[in-house]
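Student: Just dropping this structure here.
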Amino acid sequence: MCGIIGVVGAVDALPVLLDGLRRLEYRGYDSAGVALLHGDSLWRARSADGVESVADLIAKCDDGPHDCATGIGHTRWATHGAPGEHNAHPHVDCASGIALIHNGIIENHHELGDELRGRGHVFTSATDTEVLVHRIEEFRREGLTLTEAVRQTLNEVTGAFAIAVVDAAEPGVIVAARRVSPLVVGISEGATYLASDIPAIMDKATSFFSVDDDQLLTLRAEGVTATDLDGTPISLAPLVVDWDLETAQKSGYPDYMTKEIHEQPEAVRATLLDHLDKDGTITFDEMRLSDDALRAITKVTLVGCGSSYHTAMVAKYAIEAWARISVEVDIASEFRYRNPVVDETTLVIGVSQSGETIDTISALREAKSRGAIVVAVSNIVDSSMAREADAVIYTRAGLEICVASTKAVLAQIAALEVLALRLAQVRGVLSTERVVELFHQLTSTVDLVAEAVSREAAVTQIASQIANAHTFFFLGRHVGFPTALEGALKLKEISYVHAEGYPAGELKHGPLALIEPGVIVVALATDPALHEKILSNIAEVKARGATVVAVAADGDERIDAVADYVIRVPATPALMTPLVDIVALQQFAYQMAQSRGLNVDRPRNLAKTVTVE
Ligand code: AGP
């Protein structure tokens with residue numbers, strides 16, 4: 001969480017920082033701040049209200065920091081210390097000459113803070129971060145360079161960090177480092193940049209480099225030098241960046257969520273591209289796992305968080321149905337604390353849009369340490385997960401900015417279903433003819449997704465009529481269950497309405513007690529094989545006064561008689577129904593949020609990339 005940016009060189013730093021922070025706000029927006037080296041002093045502006053208010057603050061300032069060549073900026077997602085100006089980054093040392101920004105959590109901040117206070121340091125925030133800048137201050141007083149002072153400090157620290165530090169006494173330098181929390185470096189003619197994520201600096205730099213754990217960087221106008229935390233020089237790995245600025249803009253849409261919902265057919269199409277050879281073989285160029293390795297697998301375990309957990313659940317149905325391998329799905333944050341049973345014959349797949357979610361990274365590390373074959377499904381090329389895993393499958397959804405995941409979800413389902421076909425083929429469970437037939441069914445969902453997206457007005461109209469409801473149950477069976485979970489999650493996160501996703505069969509085992517007039521039940525009724533069962537569940541909740549919104553396939557004539565409202569989606573093969581049903585549920589949640597006047601791109605308390613446990 002949190003977004004950090006820095007620039008040093010022959011550019012006016014302030015607009016670079018503000019521009020970058022606007023593009024990083026999806027990582028957190030509780031507060032924001034910048035620090036610039038201005039002559040021989042440090043200039044700092046912070047606000048409890050995010051980037052625009054920092055910009056306003058500076059605009060009103062007569063002696064503002066213009067034409068500074070070095071600066072750092074931060075947009076915060078609060079962990080330690082409530083959102084507020086005093087906890088906003090950058091934090092400064094006692095003499096206000098050194099400024100530091102941080103993404104992550106310093107776990108031993110209590111001990112370090114007590115020692116520093118004991119030596120007379122005055123703290124002005126309740127953050128875990130501030131200890132770093134005071135400890136750097138001590139090392140600087142001992143005569144260490146800024147780089148050495150940061151190195152010594154980080155060697156005392158436990159926890160996660162991406163930091164950037166400037167010191168008015170050492171102008172023209174930014175020192176940065178990473179452990180767990182992401183950091184990238186960009187270089188252009190005469191200027192060097194760092195950021196939590198590429199979009200912040202994508203149009204500024206011409207070449208990009210990834211930073212690995214425990215690497216320490218010294219950035220100057222002419223470039224960057226890197227060492228490990230022992231001081232041994234290292235080279236940074238170049239990063240492939242295949243986005244342009246257009247992908248980071250709203251391009252005429254009212255918000256990123258709408259844009260990204262509309263980009264879903266392309267996300268699915270691009271993800272499916274080039275996976276079927278002329279001879280009917282399913283291929284994964286980047287996968288790096290031999291057929292023999294895939295044949296030796298006895299179990300698949302999928303891990304992910306939030307929406308990525310839901311797509312992992314969809315994959316379970318597809319892999320078990322097509323490849324006939326036993327599949328477990330785990331919430332990534334639970335996996336490593338349950339002493340999981342995995343060995344060298346287990347394929348562990350981490351599913352993640354960002355490839356940076358700490359819980360999923362940790363789960364994959366745990367699996368790897370136990371000998372499992374580890375695959376990352378990542379939307380970001382060269383993400384931490386992609387680099388650490390034995391193999392990677394990239395989803396091709398393009399840059400996703402809205403905190404609520406949409407197009408990445410559909411792309412993950414598409415990629416995982418192709419993987420299920422690959423496993424089925426290599427293990428000889430399905431014939432090549434059947435695999436090709438199923439692959440073509442998958443590619444034909446691109447048009448079905450486009451059709452579902454085009455039905456936005458009909459979904460909006462239904463959602464508007466029940467916009468005042470407070471309690472929602474989403475019910476589904478088979479892949480309709482993870483679809484229900486995803487529908488409920490979308491509604492919760494962007495409209496702040498209480499919603500629960502349930503397997504429809506569980507209804508009678510408790511939740512039915514909550515059904516009464518005023519409760520909305522959204523029933524996923526698109527799987528023909530389970531249609532009868534869902535109709536019974538609808539009857540049960542209707543009998544207790546619920547209002548029912550059914551998501552049903554075109555041509556389903558029985559549904560109108562039992563549901564109060566029917567959202568129509570194109571008929572789709574059963575295992576692929578989440579690809580169209582989820583589109584309708586995204587649009588439903590979007591309209592509920594719109595009716596409440598909420599900012600869909602920036603839901604309260606959330607951040608796009610969760611890099612803290
Ligand atoms: C989805 O709408 C959420 N914002 C969230 O649950 C997300 O899916 C989760 O944090 C996992 O992120 P990842 O895919 O980047 O790992």
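The values are calculated or read from the model by the stated rules, or taken from the named source; none is laboratory data. Computed from a predicted structure; not experimentally measured. Here Cβ is always computed from backbone atoms with ideal geometry, including for glycine, and neighbour counts include all displayed protein chains. When the accessible area is computed, the model is the full protein with side chains, heavy atoms only, and any ligands, DNA or RNA have been set aside. Shrake-Rupley method; radii C 1.70, N 1.55, O 1.52, S 1.80 Å.
Student: In terms of solvent-accessible area of protein heavy atoms at a 1.4 angstrom probe, what is the ranking of Phe284, Phe161, highest value first?
Tutor: Ranked from most to least accessible, the order is Phe284, Phe161.
Student: Now for a different question. Which whole-number percent is the relative contact order of the chain (Cα, under 8 Å, 6+ apart)?
Tutor: Over the chain, the number comes to 12 percent.
Student: Does the chain come out rounded, prolate or oblate, given a ≥ b ≥ c as the square roots of the eigenvalues of its C-alpha gyration tensor, rounded meaning a/c under 1.5 and, failing that, prolate meaning a/b above b/c?
Tutor: It comes out prolate by the Cα gyration axes.
Student: Using a 1.4 Å probe on the protein chains only, how many percent of the accessible area of the chain belongs to carbon and sulfur?
Tutor: Here it works out to 50 percent.
Student: Under the classification rounded if a/c is under 1.5, otherwise prolate if a/b is larger than b/c and oblate if not, where does region 3-248 fall, given a ≥ b ≥ c as square roots of the Cα gyration tensor eigenvalues?
Tutor: Rounded, because the longest to shortest axis ratio a/c is under 1.5.
Student: Past the 19 Å Cα-Cα mark, which pairs from Lys407/Lys490; Lys316/Lys490; Lys204/Lys407; Lys60/Lys250; Lys407/Lys608; Lys250/Lys608?
Tutor: Lys316/Lys490; Lys204/Lys407; Lys60/Lys250
Student: Still on this structure, I have one more. Using a Förster distance of 60 Å, how high is the FRET efficiency between Glu506 and Asp67, based on the Cβ-Cβ distance and rounded to 0.05?
Tutor: 0.40
Student: Now for a different question. Ranking request for peptides 459-472, 4-17: highest mean number of other beta-carbon atoms within 10 Å first, then the rest in descending order.
Tutor: Output ranking for 459-472, 4-17: 4-17, 459-472.
Student: I've got another one for you. Could you state the number of Å between the C-alpha centres of region 67-99 and region 235-301?
Tutor: Region 235-301 and region 67-99 have Cα centres spaced 36 Å from each other.
Student: Under the 0.36 nm per residue contour assumption, what length would be gained going from the current alpha-carbon distance of Ser207 and Arg288 to full extension?
Tutor: 26.5 nm
Student: Let me ask you something else. Efficiency by 1/(1 + (r/R0)^6): what FRET value for Ser251 and Lys60, r their Cβ-Cβ distance, R0 = 25 Å, to the nearest 0.05?
Tutor: E between Ser251 and Lys60, to the nearest 0.05, is 0.20.
Student: Right, something else. Counting other C-beta atoms within 10 Å, and keeping those with at most 16, which DSSP coil GluC sites (Glu not before Pro) do you find in region 299-388?
Tutor: Sites meeting the loop and neighbour criteria: Glu344.
Student: Excluding ligands, DNA and RNA, what is the solvent-accessible area per residue of region 455-595 at a probe of 1.4 Å, expressed in Å²?
Tutor: With all protein chains present, region 455-595 gives 36 Å² per residue.
Student: Something else: Give the calculated FRET efficiency between Glu189 and Asn155 to the nearest 0.05, with a Förster radius of 45 Å applied to their Cβ-Cβ distance.
Tutor: Efficiency, from the Cβ-Cβ distance: 0.85.
Student: For Ser369 and Cys94 in one chain, what is 0.36 nm times their gap in residues minus the Cα-Cα distance, to one decimal in nm?
Tutor: Length gained between Ser369 and Cys94: 94.7 nm.
Student: Additional query: If the cut-off is a Cα-Cα distance under 20 Å, which lysines reach Lys542, setting aside same-chain residues fewer than 8 apart in sequence?
Tutor: Lys508, Lys533
Student: Share of antiparallel DSSP beta bridges in the chain, in percent to the nearest 5?
Tutor: The antiparallel fraction comes to roughly 60 percent.
Student: Related question: Extension gain Glu532-Leu273, at 0.36 nm per residue separation less the Cα-Cα distance, in nm?
Tutor: 89.6 nm is the gain from fully extending Glu532 to Leu273.
Student: Determine the shape class of region 357-411: with a ≥ b ≥ c the square roots of the Cα gyration tensor eigenvalues, call it rounded for a/c under 1.5, and otherwise prolate if a/b is greater than b/c, oblate otherwise.
Tutor: The shape class here is prolate.
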